[in-house]
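Notes follow the structure.
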Amino acid sequence: MEQRRARWINEFRAGLAITTFAAAAPVLPEIGNRREPSQRLDQRGRTAMPLRELDDRVTYAQQLQQDDGPVVLINPFNVAPADTGRFIEAWADDAAFMKQQPGFISAQLHQGTAGSTTYVNVAVWESARALGRAFSTPEFQARVARYPGSTVAAPHVFKKIAVPGICVAS
């Protein structure tokens, strides 16, 4: 078990592991369409929350290694209609934990309209690295196991940009 943990840490540092919902399981670079969710097993052999990448060139794991900030985590979730109550309970537990982590600034959960069961978490962090440290804790990984089995996440980290006459970056 300790050898597996050390291997995962090295892969995370090299950008080869997705940490948020994979319960610290090593992940090989995905082959084919990375936009399709991939199933992974956690340390106990349970199915971890499937993740899909939003960007074909930059993985979420690579983003978590950056120390530029502040950053915004945009994390869409798709959930089966019967699981929405359990999803919100699990997210609230995660948010309460994350509020206590170094680098956390704020979080807000949004739900799609017209009966949609798509949710979006918008969280602001001091840096992507702080976000990565919080997501890789064993405490957070244990919380992820409580999400309903139908939940698929697609986390990605963003920074504000300036568009003259429209919006500012700071």
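Structural remarks
- Distance in nm between pseudo-label sites at E89 and Q108 (7 Å out along the Cβ direction from Cα): 2.7 nm
- Over all pairs of different C-alpha atoms in the stretch 60-170, the reciprocal of the mean inverse distance, the Kirkwood hydrodynamic radius, equals 14.8 Å.
- Exposure proxy for Y147, Y119: other Cβ atoms within 10 Å of each Cβ, ordered fewest to most, give Y119, Y147.
- When H110, H156 are arranged by Cβ crowding within 10 Å, least crowded first, meaning fewest neighbours, the order is H110, H156.
A short reminder: the numbers here are calculations on the coordinates, not readings from a lab. Source: prediction; values computed, not measured. Virtual Cβ from ideal backbone geometry, glycine too; neighbours counted across all protein chains shown.
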